[in-house]
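What follows is one structure encoded as structure tokens, with my remarks underneath.
Every read-out reported here was derived from the displayed coordinates using simple, explicitly stated rules and does not represent laboratory data. All values derive from a computational prediction rather than experimental measurement. Cβ: placed from backbone, ideal geometry, glycine included. Neighbour counts: every protein chain shown.
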Amino acid sequence: KTTETLNEKDKSDISFKDVAGLHEVKDELQEIIDFINNSEKYVKMGAKVPNGILFHGPPGTGKTLLAKAVAGETNSTFLYSSGSEFVEKYVGVGAKRVRSLFERAKKESPTIIFIDEIDAIGSKRNSDSNNEKDQTLNQLLVEMDGFHKSSTIIVIGATNRLDLLDEALLRPGRFDRHIYVGNPNIKSRTEILSVHTKNKPVDSSVNINDLAKKTHGFSGAQLANIANEAAIIAVRNKKKLIGIDEFNSAIERVVAGLEVKNPSVL
Ligand code: ATP
């Protein structure tokens, strides 16, 4: 996930056109993009550019993809990290990693820092504030409070569990914008399936709308997976084009995977 779409300079080549559906979310993010692209305009007006945005919602709905798209749309450096990377046995190690992440972000500004699974470091603190996780979270708060005016850094956190997060993290000046990224509706499912079949030889008899109808409750990641599985099955079946049989088998496979992992989804 960290390297697939990044070149050696950590610039993102993902843009909004790669993110299907999620229209309201993209509208909301346009404002953030304008902040980054025209920060002087806002600074002149005395407005503070937001430091942190929190994406919350079920897994596989495109949170990472959206963060990369914000970086791509603003030609910002994209620094990916996962909350779990900061959780260490030795006190101070996580905090040190947070510090160096922000140092790098400042050097390469404008920067989008993406912290996936932010609940791993951002869950509610204990009363004795000495353990490793608390120190890491405290360091993150210090860094977010101390952004220099001269550098544009926006931290995007992602979580499936907004309810677990420490309130200190959600205060103004920190992650004060919360954006829900949910499972796609039928229109968005059609768009996501279209994006992921765009460069594949799909039989003209396949109706993407019908596939979208059949995949109620699926996430964007699962829809992307269906398109990929269908292509793999077509190769196995020695087909020149991906037909409806391949898509149906792919849906069955993804459903079977879901049943094994999480019976309650169905
Ligand atoms: P997690 O919470 O598990 O980290 P996530 O919400 O960050 O998941 P992504 O990693 O962004 O989800 O999505 C996984 C993959 O699913 C993407 O790389 C993309 O291929 C596909 N995908 C998800 N949502 C969309 C979308 N709206 N448009 C196009 N592709 C999508």
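For a quick check, take a GNM of the chain with Cα springs below 10 Å and name the residue from 241, 170, 193 with the largest mean-square fluctuation.
It is 241.
Kindly flag which residue pairs out of 48/106; 68/96; 63/96; 26/48; 44/107; 17/106 have an alpha-carbon separation exceeding 19 Å in this structure.
Numbers: 48/106 17 Å; 68/96 25 Å; 63/96 26 Å; 26/48 21 Å; 44/107 23 Å; 17/106 28 Å.
68/96; 63/96; 26/48; 44/107; 17/106, as the Cα separations exceed 19 Å there.
GNM, the chain, Cα, under 10 Å: largest mean-square fluctuation among 146, 94, 122?
146
Using modelled amide H (1.01 Å from N, peptide plane; none on Pro or chain starts), what sits under 5 Å from the amide H of residue 55, excluding residues fewer than 5 places away?
157, 158, 159, 179
Given the options 178, 76, 206, identify the residue whose Cα lies farthest towards the positive end of the charge dipole of the chain (+1 on Cβ of Lys, Arg; -1 on Cβ of Asp, Glu).
Final value for the positive-end residue is 206.
Between residue 160 and residue 253, what is the FRET efficiency for a Förster distance of 22 Å, r being their Cβ-Cβ separation, to the nearest 0.05?
0.40
Quick check on the range 210-249: what are the equivalent-ellipsoid semi-axes from the Cα gyration tensor, as sqrt(5λ), descending, whole Å? Don't jump to the answer; show the numbers that get you there.
Details: eigenvalues 77, 23, 7 Å².
They are 20, 11, 6 Å, listed largest first.
Ordered by residue, what ³J(HN,Hα) values in Hz, to whole numbers, does the range 105-119 give under the Karplus form 6.51 cos²θ - 1.76 cosθ + 1.60, where θ = phi - 60° and Gly and Pro are x?
4, 5, 4, 9, 4, x, 9, 9, 9, 10, 10, 6, 6, 5, 4
Output the peptides 205-213, 136-144 sorted from most to least packed, where packing is the average of other Cβ atoms within 10 Å over each peptide's residues.
Working: 205-213: 15.3, 136-144: 21.2.
Going by the mean number of other Cβ atoms within 10 Å, highest first, we get 136-144, 205-213.
Pick from 244, 153, 118: which residue has the top mean-square fluctuation in a GNM of the chain where Cα pairs under 10 Å get a spring?
Greatest mean-square fluctuation among the candidates belongs to 244.
Among 68-74, 226-232, 97-103, how do they line up from the highest to the lowest mean number of other beta-carbon atoms within 10 Å?
Values: 68-74: 24.7, 226-232: 21.0, 97-103: 17.0.
My ranking of the peptides, most packed first, is 68-74, 226-232, 97-103.
For the chain, restrict the atom set to alpha-carbon positions and state the Rg and Dmax in Å.
Radius of gyration, then largest Cα-Cα span, for the chain: 20.5, 64 Å.
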